[in-house]
1. Could you state how much accessible area E92 has, in square angstrom rounded to the nearest 10, with a 1.4 Å probe and all protein chains kept in place?
2. If the range 55-212 were replaced by its equivalent ellipsoid, with semi-axes equal to the square roots of 5 times the Cα gyration tensor eigenvalues, what would those be, largest first, whole Å?
3. Reachable lysines from K231, Cα under 30 Å, same-chain residues fewer than 8 places away excluded?
4. Given labels modelled 7 Å from the Cα in the Cβ direction, how far is it in nm from E98 to H214?
5. From the phi of every residue in the range 116-129, what ³J(HN,Hα) in whole Hz does the Karplus formula 6.51 cos²θ - 1.76 cosθ + 1.60 yield, where θ is phi - 60° and glycine or proline is x?
6. Within the range 110-152, which trypsin sites (Lys or Arg not before Pro) sit in a loop by DSSP and count at most 11 neighbouring Cβ atoms inside 10 Å?
7. Taking K and R as +1 and D and E as -1, what net charge do the other residues with C-beta under 14 Å from the C-beta of I119 add up to?
8. Quick one: with all protein chains in place, what share of the accessible area of the range 71-226 is carbon or sulfur, to the nearest percent (1.4 Å probe)?
Amino acid sequence: MSESNVNMAQAATEPSPARPATMSSTHRGPSTRQIAIVVAILGGSVLFTAMTSDVTKVSEPGIKLTADGQPFLTDKAGDWTGGELTGLTDEEKKILPEDTMGSRRMFKDKDGHQLFCSIVLAGRDVTSIHRPELCLTGQGWSLGKLQIEQIPTPAAKGGVLSVSRLNAIRDVKLSDGRIGRANSIFLYWFVGKDRVTPYHWQRIYWTAKDRVLHNTNHRWAYILIHIPVTKNTGAGDIGKSEDDTMKTVAGFVQDVYPTLVAN
């Protein structure tokens, strides 16, 4: 994953220390016991995956594609208008399998809110997609505890889309030379053929299961949204609070989701 936009992040900074309210709900991630069980399952899954490295079938993606096979990312979703469409960076192309594909846009709504949306689509190689926390920390973000947001989304199965949420902060250099603090919300989830999950571990489990039982490599898409929190704790009522920012990005998810998924 590449940097979303430095200027957007700086718009949400403060100097370092000197839709409806019911739109989404939050709950904590798996317990320690659940994680231990999953680790054991993943260990076995990795072994099985290694034993079935000669998988011959590749599933269809669960997202829409353009005529040339790139992930489709609309330029219009509700009140949101997308900017220039870009793909993987040169640096990403050097380290990711060559059949990995990506699409990215900055979006802006009628009220001036901005966010960044990215899609990375795996090819035959399971290493095309990795745990998002790895690249975010590599970019200097300090991450809060993983949360799962339930966003009412009519186009999603059951009318609700579960997404992973990470609150993040990092220091950035301001135009006047001072060091400021950027505060952002990252949302992400994974889409496969007839499967959607907010969990990296579940994606790995399903990948291993498909390879072992069905001789099929599951072609996953990883969707990431980054939105800055513009309200500074020391700046009165200027900007949007974290809760209001979450409502804004939840509205974008509701608008963009139907444009992403395959029919």
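The values are calculated or read from the model by the stated rules, or taken from the named source; none is laboratory data. From a predicted model like this one, the values you see are computed outputs, not experimental measurements. Glycine also receives a Cβ, built like all others from the backbone with ideal geometry; neighbour counts cover every protein chain displayed. The protein model used for the area step is the full one, side chains on, heavy atoms only, and it has no ligands, DNA or RNA in it. Shrake-Rupley method; radii C 1.70, N 1.55, O 1.52, S 1.80 Å.
1. 10 Å²
2. They are 27, 20, 18 Å, listed largest first.
3. K76, K108, K110, K145, K173, K240, K247
4. Label at E98, label at H214, 2.8 nm between them.
5. Result, ordered by residue: 10, 10, 10, 10, 10, 10, 6, x, 6, 8, 6, 8, 4, 10 Hz.
6. Within the range 110-152, the qualifying trypsin sites (Lys or Arg not before Pro) (loop, at most 11 other Cβ atoms within 10 Å) are K110, K145.
7. Taking every other residue near I119 into account, the sum is +2.
8. Summing carbon and sulfur atoms, their accessible area is 51 percent of the total for the range 71-226.
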